[in-house]
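Working notes for the structure below.
Please treat every number below as a calculation from the coordinates, not as lab data. A quick note: this is a predicted structure, and the numbers were derived from the prediction, not measured. Glycine gets a Cβ as well: all are built from the backbone with ideal geometry, and neighbour counts include every protein chain shown.
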Amino acid sequence: MARLLKLLDPTISAYFDRRFPSSAHASDAQKRIEFDEALRTSTTVYIGNLAFTTSDFQLYELFSKAGDIKRLIMGLDANKRTPCGFCFVSYFTRKDAESAVKYINGSMMDGRSIRVDHDWGFVEGRQFGRGKTGGQVRDEHRTDFDQGRGGYGTLMWQEIEARQLNAVGQDDLEATYGQREVHVGYPNKATAARKQQRRENDAYPAQRNPRARDDDDD
């Protein structure tokens, strides 16, 4: 239904922000009505699918073509405080915001087709990514490689790094103590070394040096 309304009225976004501050005790239907009304009157637009390297200067230059910009807010990783692929642009008039959506949506920037959509309005805190690792949710679960947005998604990178660390750890143990030590599961190299030494002592018990002289020998 939301997509149908979007086609009938371009000022309505198919996206619904669950954190929109609707009236207390409002039903889901009422929340959507209030949300859509905010979209129809807001002078703020949301810009998505940006490269992490796109600067605020580039964005200001492009979006100022639609009208005078009141404020531009870069989206940031909540943990790293670095750009994470989106921003908000607030204009002085509704007309300028509509021009930005109409004429700039789909434009190419840093080799990417950017998305421009009406937004209900910026409030402090919305500049940070909502993903568990600090960035945008879409970049946490993305499995494809996107050079402009940090390569693989966050969870995919974590899995790759874990596999690399595991492989390096196994190679290191194999090179130091032999293949058999790797599968025993010793907690560290020192423990493995002690185990190896004990096995060697058991296999080759100490023999008395015939040249050694005991204290009670004549």
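Taking label points 7 Å from Cα along the Cα-to-Cβ direction, Ala26 and Phe145 give a separation of 4.5 nm. Tell me, what is the FRET efficiency for Tyr60 and Glu161 to the nearest 0.05, using R0 = 41 angstrom and their Cβ-Cβ distance as r? So, using R0 = 41 Å, E works out to roughly 0.70.
Once you charge only the Cβ atoms, +1 for Lys and Arg and -1 for Asp and Glu, what is the size of the charge dipole of the range 17-136 about its Cα centre, to the nearest 20 debye? Numbers along the way, then the final one.
Details: 18 positive and 15 negative charges, 49 e Å.
Around 240 debye, computed over the range 17-136.
Checking the table Lys65/Lys102; Lys80/Lys102; Lys31/Lys70 against a 23 Å threshold on Cα-Cα, which pairs fail?
Numbers: Lys65/Lys102 12 Å; Lys80/Lys102 33 Å; Lys31/Lys70 27 Å.
Checking Cα-Cα distances, Lys80/Lys102; Lys31/Lys70 exceed 23 Å.
Here the contact order of the range 35-123, divided by its residue count and restricted to Cα pairs under 8 Å and six or more residues apart, works out to 43 percent.
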